Structure formats: structure tokens, C-alpha cells
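Only the coordinates and a few stated rules stand behind these numbers; no lab work does. Given the structure is predicted, the values throughout are model-derived calculations rather than measurements. Methodologically, a virtual Cβ is constructed for each residue, glycine included, from the backbone with ideal geometry; neighbour enumeration extends over all protein chains shown.
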Ligand code: DOR
């Protein structure tokens with residue numbers, strides 16, 4: 001099947017932003033021709049044509065919590081959100097700390113066939129931060145794991161972090177950290193500041209994140225290991241990353257849509273859907289995150305898509321688990337919060353959502369619509385305004401704080417390896433490959 005995407009604004013994530021046709025033939029991006037006999041034409045006038053989005057940070061909940069999300073439902077949510085690849089976090093049950101589990105996640109992703117599901121492996125067995133997981137086996141498995149993290153928990157022991165970085169450096173694999181010093185976080189529920197004091201909720205100081213980020217940057221410098229800082233949330237961490245990059249440390253960082261959209265003042269509502277880890281920070285932190293995304297300090301936007309059942313999420317704030325959905329709103333939040341007000345341009349948005357995550361993970365088949373590359377493409381309307389209705393989500397759960405919010409920018413079509421996974425905004429759920 002071939003498709004001619006005609007008259008669109010092609011933004012390829014390398015800085016190019018131009019009007020041209022894109023031809024998809026036999027699963028790859030083909031050379032445009034004057035006549036494209038037999039190709040289905042997709043009128044993309046007024047639409048943006050970009051590489052399929054790549055999420056560095058998705059909780060698929062399978063194995064273990066299939067009541068909350070499965071690889072199939074996460075893949076459908078990802079496709080609906082414009083993604084063609086997701087990196088699956090290892091805090092499942094059992095934890096993805098062995099080749100058997102990552103292979104299972106990878107194989108299940110292929111069977112669903114809506115996006116590439118790229119498993120991340122755990123750094124430590126059972127995420128306990130004590131003994132190393134089967135890192136070598138996970139790297140050598142068919143899943144070819146490249147990113148390792150105990151996400152959901154920070155590695156508390158500096159010697160364990162050092163030894164694991166030394167080991168990973170031998171494979172040029174990535175040590176990815178959920179930066180949080182447990183002692184300092186002290187069971188906090190939200191960011192520590194004026195709002196936590198006013199609301200009577202125990203706070204997590206910014207320093208709980210910054211101490212671990214600083215430690216890991218020092219250890220990455222010592223070991224030469226590639227370091228990726230997950231969902232950074234404070235102005236101090238942005239500063240640390242900026243300085244480390246200037247000094248040549250091999251560090252990359254991501255930020256979530258909720259950390260550039262919301263701040264801790266929103267918690268006045270005590271809405272448990274706003275409870276996330278790391279917590280929503282101050283207005284000044286949010287501004288620093290936006291600046292970091294704009295100036296290249298923060299490399300990528302990652303969703304931290306974290307499905308939780310409504311029974312668990314609708315508990316009292318203190319008892320509700322942290323996390324919110326992200327895959328089906330990330331692109332629109334980026335366009336609404338960053339592109340529309342002129343904080344970043346469309347080319348940078350595509351770089352943050354597609355090209356940079358591809359580069360970080362070292363993926364060969366994603367992040368480009370250059371000729372001859374696998375046809376992973378998203379086509380979206382940058383101007384369509386819509387209202388978030390969680391009832392329409394493809395995720396199994398509904399834990400979003402954005403219900404009823406008006407957003408600009410909507411996915412129209414997605415191609416995954418040349419097959420259509422989304423047509424006119426509708427996910428074609430049957431496996432296309
Ligand atoms: O808010 C969060 N939820 N942050 C994490 O790091 C883990 C995640 C989850 O697994 O629910």
C-alpha cells in the first residue's frame with residue numbers, strides 16, 4: 001500500500017520546515033514523483049507532517065497490573081497521541097530486571113504492532129538498589145535494552161550507582177535516574193513550599209531531586225557513563241544539567257508536559273490527579289523548565305504516562321498513588337503551552353518529541369522522514385482546538401487532571417512502519433504488521 005501525503009508542512013526535527021509532498025511506499029519514505037499511481041492521497045494542507053513521536057517514559061503496567069494498562073492499550077493510547085515508539089518502564093510486577101521479562105514486553109509490543117515498544121531494564125534486582133539486575137543479558141537479548149533505570153525510585157546508595165555506571169559504560173548503555181533522595185523526601189506528598197504549608201501537606205524539597213542529580217553528574221564524570229535524568233522538575237536541576245553539559249559530561253535530560261504546564265498552586269483543589277512524583281513545583285521552577293526546553297539544556301519531552309485505577313486514585317490525597325496519564329495529551333500540551341505562546345517553534349517541538357528521544361535511545365528506525373527511512377510519520381492539525389474528554393482515551397484508566405481543558409493541536413493520521421495506525425483521528429486497532 002502506498003500513500004501520497006500532499007501539500008503538508010513538513011517539519012522533520014532537523015530544523016527543516018517546508019511545504020512538500022511525502023510519499024510512502026513499501027513501508028519506507030520514497031522519492032517524490034510527479035505521478036504516484038495507485039497511491040492513496042492524503043490531503044495534508046494546513047497540517048504538519050513530522051516523524052512519529054517517541055516517548056522515553058511510558059508505564060505500560062504489563063506484566064502485573066493489566067487492570068490498569070496493557071501493552072495493547074498503552075500502544076493504542078500512544079498511536080492516538082501521535083507516537084510510533086514508546087520506552088516501557090521496568091517498574092512492573094515482576095520487575096523487568098531480567099532478559100525473560102524484557103523479551104516478553106518487547107515481543108508483546110511486536111504482536112500488538114501499533115508502535116515499537118522498547119523495554120527499559122531495571123538497574124537493580126526488584127528495584128531495591130542493592131544488587132545489579134541482569135544488565136548484560138538484557139542488553140544481549142533480542143529486546144536490545146539500552147536504557148536502565150529504577151524509575152519510581154532513586155538509587156540511594158552512591159557506591160551502587162557508581163558500580164552500575166562503571167558496568168554500563170562498558171556497553172555504552174544509559175544509566176537513567178529518578179532523582180530523589182528518600183531521606184530528604186521523607187514521605188512528602190507535594191513540593192515543599194508556601195503551598196504545602198498552606199494546604200497542610202508534607203512537602204518534598206527541591207533539594208531531594210537536586211542532591212541526587214548533582215551526585216549522578218559527578219559519578220557520570222568519574223565513570224564516563226551516559227547519564228539520563230528522568231522527568232526533571234526544578235530550576236536547580238536545570239542549572240546543574242546546563243553546567244554539566246558545558247563541562248562535557250555525557251548527560252541528557254527530559255521534562256514532562258505536566259511540569260511545564262502546571263505548578264503547585266493547582267493543588268489548592270486537593271485533586272489527587274495532580275499528585276505526581278516528582279511533584280508539581282513552583283511557578284519559577286516551571287519557567288526554568290520551559291527555558292531549559294527552549295535553550296537545549298533539556299533534550300526531550302517525555303510523558304511519564306502513569307495509569308492508575310480510579311479506585312486507587314480517588315482516595316484521599318495522602319493515600320493516592322502518584323502519576324497521571326500523558327500519551328494522549330502530550331503533543332497538544334506542547335503546542336498549546338510552548339509553541340502557541342512562542343516559547344519554542346514547531347521545529348524545536350518536533351525535535352523534543354521525536355528526534356531527540358530517538359537520538360538518546362539510539363533507534364535506527366525512528367525519528368526521521370528522510371528518503372529511504374522506515375515510514376514512521378505523524379500528521380497533525382496545529383490549529384484544531386478540542387476539549388479533553390477522558391472517556392475518549394484509549395488508555396484503560398482515566399487519571400488525568402486535564403478533563404474539560406481546551407487544547408490546541410490534534411493528531412489526524414499516523415503511519416507506523418508504513419502502515420496506517422490512525423486515520424482521521426481514529427485508531428485502527430487491528431495489528432497492521
Ligand atoms: O508519578 C509517578 N508515577 N512517578 C513515577 O516515577 C512513577 C510513576 C508510576 O509508576 O506510577
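Which of these, 163, 398, 125, has the largest mean-square fluctuation under a Gaussian network model of the chain (Cα springs below 10 Å)?
For the chain, modelled as a Gaussian network with Cα springs under 10 Å, the answer is 163.
Give me 264, 172, 424 sorted ascending by neighbouring Cβ count inside 10 Å, so fewest comes first.
Going from sparsest to densest Cβ surroundings: 424, 172, 264.
Neighbour counts of other C-beta atoms within 10 Å: give me 14, 397 arranged from fewest to most. Intermediate values should be presented prior to the final figure.
Working: 14 15, 397 24.
By the 10 Å Cβ count, ascending, the order reads 14, 397.
What is the antiparallel percent of DSSP beta bridges lying wholly in the chain, to the nearest 5? Don't jump to the answer; show the numbers that get you there.
Numbers: 29 of 60 bridges.
In the chain, approximately 50 percent of DSSP beta bridges are antiparallel ones.
On a 0 to 90° scale, report how tilted helix 71-80 is relative to the longest principal axis of the chain, with both axes built from alpha carbons and the result rounded to the nearest 10.
Tilt of helix 71-80: around 60 degrees.
Over 5 Å intervals from 0, what percent of Cα-Cα pairs in the stretch 151-212 sits in each interval?
4, 17, 22, 19, 13, 9, 7, 5, 3, 1
Normalised by the number of residues in the stretch 40-111, what is the relative contact order in percent for Cα pairs under 8 Å and 6+ residues apart? Don't skip to the answer; put the middle values down first.
Values: 74 pairs, mean separation 25.0, N = 72.
In percent, rounded to a whole number, it is 35.
Could you tell me how many degrees, from 0 to 90 and to the nearest 10, lie between the Cα long axis of helix 235-246 and the main elongation axis, the longest principal axis, of the Cα atoms of the chain?
Rounded to the nearest ten degrees, it is 70.
Over the chain, consider all pairs of different Cα atoms and compute the Kirkwood hydrodynamic radius from their mean reciprocal separation; express it in Å, one decimal. Can you show the working numbers first?
Numbers: mean 1/r = 0.0465 Å⁻¹.
For the chain, the Kirkwood estimate is 21.5 Å.
By what distance, in whole Å, do the Cα atoms of the stretch 238-332 stretch along each of the three principal axes, largest value first?
47, 24, 24 Å, listed from the longest principal axis down.
Would you give the gap between the C-alpha center of the stretch 9-71 and the C-alpha center of the stretch 271-306, rounded to a whole Å?
26
Can you give me the angle between helix 206-223 and the longest principal axis of the chain, using Cα atoms only, in degrees from 0 to 90, rounded to the nearest 10?
Rounded to the nearest ten degrees, it is 80.
Quick one, what does Rg over Rh come out to for the stretch 83-133 if you take C-alpha atoms and the Kirkwood Rh? Could you put the intermediate results ahead of the total?
Numbers: Rg = 11.4 Å, Rh = 11.1 Å.
Computed over Cα atoms, the ratio is 1.03.
I'd like the per residue volume of the convex hull spanned by the Cα atoms of the stretch 104-161, given in cubic angstrom.
Numbers: hull volume 4.9 nm³, N = 58.
For the stretch 104-161, the hull spanned by Cα atoms encloses 84 Å³ per residue.
Would you mind checking the radius of gyration and Dmax of the stretch 38-98 based on alpha-carbon positions, in Å?
When restricted to Cα atoms, the stretch 38-98 yields Rg and Dmax of 15.6, 48 Å.
Which residue, 395, 406, 233, tops the fluctuation ranking in a GNM of the chain built on C-alpha contacts under 10 Å?
Judging by the Gaussian network model, the answer is 406.
Share of antiparallel DSSP beta bridges in the stretch 123-268, in percent to the nearest 5? Don't skip to the end; give the middle numbers.
Numbers: 1 of 13 bridges.
That works out to approximately 10 percent antiparallel.
Please label the shape of the stretch 391-433 as rounded, prolate or oblate, based on the square roots a ≥ b ≥ c of the eigenvalues of the alpha-carbon gyration tensor (a/c under 1.5 means rounded; beyond that, a/b larger than b/c means prolate, else oblate). Spell out each step's value before the answer.
On the way: a/c = 3.32, a/b = 1.74, b/c = 1.91.
Cα axes put the stretch 391-433 in the oblate bin.
If you average the sequence gap of Cα pairs under 8 Å that are 6 or more apart and divide by the length of the stretch 1-143, what percent do you get for the contact order? If you can, show how the numbers build up before the last one.
Details: 277 pairs, mean separation 26.0, N = 143.
It comes to 18 percent, rounded to a whole number.
In whole Å, what are the Cα extents of the stretch 170-275 along the three principal axes, biggest one first?
Between the extreme Cα coordinates on each principal axis of the stretch 170-275 lie 47, 27, 23 Å.
Let me know the Kirkwood hydrodynamic radius for the stretch 1-135, please, with Cα pairs as the basis and the value in Å to one decimal. It would help to have the intermediate numbers written out before the result.
Values: mean 1/r = 0.0589 Å⁻¹.
It works out to 17.0 Å.
With an 8 Å cut-off on Cα pairs and a minimum separation of 6 or more residues, tell me the relative contact order of the stretch 82-158 in percent. Please list the in-between numbers first.
Values: 140 pairs, mean separation 26.3, N = 77.
Relative contact order for the stretch 82-158 comes out at 34 percent.
So how do 141, 124 line up by other beta-carbon neighbours within 10 Å, fewest first? Let's see the in-between values first.
Values: 141 19, 124 23.
Final ranking by Cβ density, sparse to dense: 141, 124.
If packing is taken as the average count of other Cβ atoms within 10 Å, what order do 336-343, 52-59, 96-103 fall into, highest mean first?
Details: 336-343: 15.9, 52-59: 29.4, 96-103: 22.2.
Averaged packing, sorted descending, gives the order 52-59, 96-103, 336-343.
Would you calculate a helix-derived [θ] at 222 nm for the chain, using -39,500 (n - 2.57) for each DSSP H run of n ≥ 4 and dividing by the full residue count, to the nearest 500? Walk me through the intermediate numbers first.
Working: 14 runs with 120 residues, N = 433.
One gets -7500 deg cm²/dmol as the mean residue ellipticity at 222 nm.
For the stretch 107-224, what mean projected area does the convex hull of the alpha carbons give, in nm²?
On the way: hull surface 36.4 nm².
Result: a mean projected hull area of 9.1 nm².
What Kirkwood hydrodynamic radius do you get for the stretch 282-348 when you take the inverse of the mean 1/r over all pairs of distinct Cα atoms, in Å? Numbers along the way, then the final one.
Values: mean 1/r = 0.0724 Å⁻¹.
Answer for the stretch 282-348: a Kirkwood hydrodynamic radius of 13.8 Å.
If you average the alpha carbon positions of the stretch 354-397 and of the stretch 119-166, how far apart do those two centres end up, in angstrom?
27
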